[in-house]
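Working notes for the structure below.
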Amino acid sequence: MKIVIVGCGKVGTSIARELNSEGHEISVVDISRAAVNRLSESLDVLGIEGNGATFEALSEAGAETADLVIAATARDEVNLYTCLMARSAGVPHTIARVRSPEYTDDLYRVKDQLRLSMSINPELTEAIEISRLLRFSGALEIDSFAKGAVELIKVLVPKDSAVNGKKISQIDTLRGRVRICTVEHDNQVYIANGETVIYGGDKVSIVAKPEIAAKFFKKSNVNIGKSRDVILLGGGKVSFYLAQRLIKSGTNVKIIERNEARCQELANALHDAIIIHGDCMDQDLLLSEGIERADGVAALMDYDEENILISLYIKSVSKAKIITKINNESFDSIINNLGLECVINPKTLTGEYIARYIRAMQNSMGSNVETLYRLNEDRVEALEFRVKEKSQTTKAPLSQLSLKNDLQVICISRGAKIILPQGDDSIQPGDSVVVITKHKGLKDLDDILRR
């Protein structure tokens, strides 16, 4: 695909690096010549110095023949205007980086008028990822479908699990409300069926509503964990978004922030959180606020060095799930040797989210793919389809359809109803259908059928 990226800061650079690695034709635009030169010299991209919100700069970058424009400057208003200008130039798809909580909350009202394909908020994206990891602290990976109504959760099965040595057909799936999708055994990945046997040490992915998944893991003696008392170190945008999500899920949240004015802002906006004015690097303060007893801690301060150091300290005094925010990718080689439990890079995460969207968009040109996840080190794909009126899959119940091997229909979303289908269930026009498969490049729901 031909893609124009406006903004060569950390987010724009991360996006460009991710998309360039996947073979897309990239042009970048920024008002800073130094930023453009730095990016165009490090990657195989075309660099344009100029104001990316103007038709002239967009045209010079090739927007009139581009498939997508991504606006990732530091200013929300510029990004939104850039997307509007790109649309006027005939660009079929646009993505805007929008950071402000006020704009994020209101964007749905004008998304159609702006004709935005997608908006991305790096801080909100980071908060969503962290909240998932804290909610199911034992999960290896979590992906969501059907607008977040169901989740695909991968866990490690312990030796003493109730499902160890059992065929899937023998496992209590809570009256069909849990679907076991994939099993990793001896470095091989299997699309699960009733005869698949699960052993301790296997990595298993299930799909279910979050609350049902928790019940299943408890019944199966798989310790998925849940963080009920969480301390957030730093009171920036990520902490604000994260606190909102955690409080909504019933988690007790405490935020420690050194800036007194920011503490007052957080206290006014987050009535159910405890806001502490103090230095997050003060070990005595952390101990007095119960860091030893916390279930989860997220180090979300502005400086990577502080986040790394305090995470190492907390690891020495607490058994909490520790999330560490790192912005500088050059620290990766050092961090890998420190044993930090979970490291989040918001800029890289933004690039990955946009790349995932573009993969789906690329795969869906001329098809009905809405979402695409690549799982199990790219050996498995999970695809979400919107069912067309004329689909061959709507003509009979699933048990009567000739489905390909290594493929499973794991979820059907019908309005507000979520169905984990059995053989007698059928697909209907307008449904959203999630399929997990080892076959690559499915472009239409009918592709799940044997020819």
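The values are calculated or read from the model by the stated rules, or taken from the named source; none is laboratory data. Bear in mind that the values here come from a model prediction, so they are computed numbers and not experimental data. In this analysis, Cβ positions are derived from the backbone assuming ideal geometry, glycine residues included, and neighbour counts consider all displayed protein chains. Ligands, DNA and RNA are excluded from the accessible area calculation, which covers all protein heavy atoms including side chains. Shrake-Rupley method; radii C 1.70, N 1.55, O 1.52, S 1.80 Å.
Among (1) within 22 Å of the chain's Cα centre (by Cα); (2) modelled with pLDDT of 90 or more; (3) over 20 Å from Lys166 (Cα atoms), where does Ala213 come up short?
The failed condition is (3).
Which condition number in (1) assigned to a strand (DSSP E or B); (2) of a type outside the set (Gly, Ala, Ser); (3) at pLDDT 85 or above; (4) open to solvent by 30 Å² or more (accessible area, probe 1.4 Å) is the one that Asp424 fails?
Every listed condition holds for Asp424 apart from (1).
Name every residue in the range 98-136 that is charged (D, E, K, R) and farther than 28 Å from Val297 by Cβ, in order of residue number. Please lay out each step first, then the result.
We begin by selecting, within the range 98-136, every residue charged (D, E, K, R); these are 99, 102, 105-106, 109, 111-112, 115, 123, 126, 129, 132, 135.
Result: Glu102, Asp106, Arg109, Lys111, Asp112, Arg115.
I'm told Arg99 meets every condition in (1) in contact (Cβ under 8 Å) with a residue 60 or more places away in the chain; (2) closer than 18 Å to Leu84 by Cα; (3) open to solvent by less than 30 Å² (accessible area, probe 1.4 Å) except one. Can you identify the failing condition by its number?
The number of the failed condition is (3).
Looking at the range 228-261, which of the residues that are aliphatic (A, V, I, L, M) and more than 23 Å from the chain's Cα centre (by Cα) is nearest to Ser137 (Cα to Cα)?
Filtering the range 228-261 down to residues aliphatic (A, V, I, L, M) leaves 230-233, 238, 242-243, 246-247, 253, 255-256, 261.
So of that shortlist, the ones also more than 23 Å from the chain's Cα centre (by Cα) come out as 255-256, 261.
Numbers: Ile255: 19, Ile256: 22, Ala261: 32 Å.
Among those that are aliphatic (A, V, I, L, M) and more than 23 Å from the chain's Cα centre (by Cα), it is Ile255.
Can you confirm whether Gly351 is of a type in the set (Gly, Ala, Ser), at pLDDT below 90, in a loop (DSSP other than H, G, I, E, B) and closer than 30 Å to Gly441 by Cβ? Step through it out loud before you land on a result.
Numbers: of a type in the set (Gly, Ala, Ser): yes; at pLDDT below 90: yes; in a loop (DSSP other than H, G, I, E, B): no; closer than 30 Å to Gly441 by Cβ: yes.
It is false that Gly351 is of a type in the set (Gly, Ala, Ser), at pLDDT below 90, in a loop (DSSP other than H, G, I, E, B) and closer than 30 Å to Gly441 by Cβ.
All but one of (1) closer than 26 Å to Arg386 by Cα; (2) under 14 Å from the mean Cα position of the chain (by Cα) hold for Thr182; which doesn't?
For Thr182, the exception is condition (2).
Out of Gly62, Gly90, report the one residue that is open to solvent by 20 Å² or more (accessible area, probe 1.4 Å), on the phi > 0 side of the Ramachandran plot and more than 22 Å from the chain's Cα centre (by Cα). I'd like the intermediate steps shown before the answer.
Details: Gly62 fails: open to solvent by 20 Å² or more (accessible area, probe 1.4 Å).
Of Gly62, Gly90, the one residue that is open to solvent by 20 Å² or more (accessible area, probe 1.4 Å), on the phi > 0 side of the Ramachandran plot and more than 22 Å from the chain's Cα centre (by Cα) is Gly90.
Can you name the condition, by its number, that Lys219 falls short on among (1) without any contact (Cβ under 8 Å) to a residue 40 or more places away in the chain; (2) touching an Asp or Glu at 6+ places or on another chain (Cβ under 7 Å); (3) more than 30 Å from Leu349 (Cβ to Cβ)?
Going through the list (1) without any contact (Cβ under 8 Å) to a residue 40 or more places away in the chain; (2) touching an Asp or Glu at 6+ places or on another chain (Cβ under 7 Å); (3) more than 30 Å from Leu349 (Cβ to Cβ), Lys219 breaks only (1).
Please name all residue pairs, on different chains or six or more residues apart, with Cβ atoms under 7 Å, provided the first residue is in the range 396-409 and is closer than 9 Å to His439 by Cβ and the second residue is open to solvent by 40 Å² or more (accessible area, probe 1.4 Å).
Sorted first by the residue in the range 396-409, then by its partner, the pairs are Lys404/His439; Lys404/Arg450; Asp406/Lys438; Asp406/His439; Leu407/His439.
Scanning for something within 12 Å of Gly351 (Cβ to Cβ), out of contact with any Cys (no Cβ under 6 Å at 6 or more places or on another chain), open to solvent by 30 Å² or more (accessible area, probe 1.4 Å) and among the charged types (D, E, K, R), does the range 20-39 turn up at least one residue?
yes
Mind listing just one residue for me: the one in the range 430-451 that is over 21 Å from Met361 (Cα atoms) and open to solvent by 40 Å² or more (accessible area, probe 1.4 Å) and, of those, farthest from the chain's Cα centre (by Cα)?
We begin by selecting, within the range 430-451, every residue over 21 Å from Met361 (Cα atoms); these are 449-451.
Remaining after also requiring open to solvent by 40 Å² or more (accessible area, probe 1.4 Å): 450-451.
On the way: Arg450: 32, Arg451: 34 Å.
Across the range 430-451, the extreme among qualifying residues is Arg451.
Answer yes if at least one residue in the range 355-378 is open to solvent by 40 Å² or more (accessible area, probe 1.4 Å), within 30 Å of Ser311 (Cβ to Cβ) and assigned to a helix (DSSP H, G or I), and no otherwise.
yes
Across the range 129-171, what is the number of residues that are open to solvent by 40 Å² or more (accessible area, probe 1.4 Å) and touching a helix residue (DSSP H, G or I) at 6+ places or on another chain (Cβ under 8 Å)?
Qualifying residue count, the range 129-171: 2.
Suppose we filter Glu49, Glu77 for residues that are surrounded by 16 or more Cβ atoms within 10 Å (Cβ to Cβ), closer than 18 Å to Gly9 by Cα and acidic (Asp, Glu); which single one remains?
Values: Glu77 fails: surrounded by 16 or more Cβ atoms within 10 Å (Cβ to Cβ).
Only one candidate qualifies: Glu49.
Here is a check on your reading of the model: is Ser88 of a type in the set (Ser, Thr, Tyr), more than 25 Å from Ser239 (Cα to Cα) and out of contact with any strand residue (DSSP E or B) (no Cβ under 7 Å at 6 or more places or on another chain)? Can you show your working first?
Values: of a type in the set (Ser, Thr, Tyr): yes; more than 25 Å from Ser239 (Cα to Cα): yes; out of contact with any strand residue (DSSP E or B) (no Cβ under 7 Å at 6 or more places or on another chain): yes.
Yes; evaluated as a whole, the condition is true for this residue.
For the range 325-344, how many residues are among the β-branched types (Val, Ile, Thr) and either at pLDDT below 70 or closer than 18 Å to Lys10 by Cα (or both)? Let's see the steps before the verdict.
So the first thing to find is which residues in the range 325-344 are among the β-branched types (Val, Ile, Thr), and the list is 326, 334-335, 343-344.
From the residues that got through so far, the ones that are either at pLDDT below 70 or closer than 18 Å to Lys10 by Cα (or both) too are 326, 343-344.
Residues in the range 325-344 being among the β-branched types (Val, Ile, Thr) and either at pLDDT below 70 or closer than 18 Å to Lys10 by Cα (or both): 3 in total.
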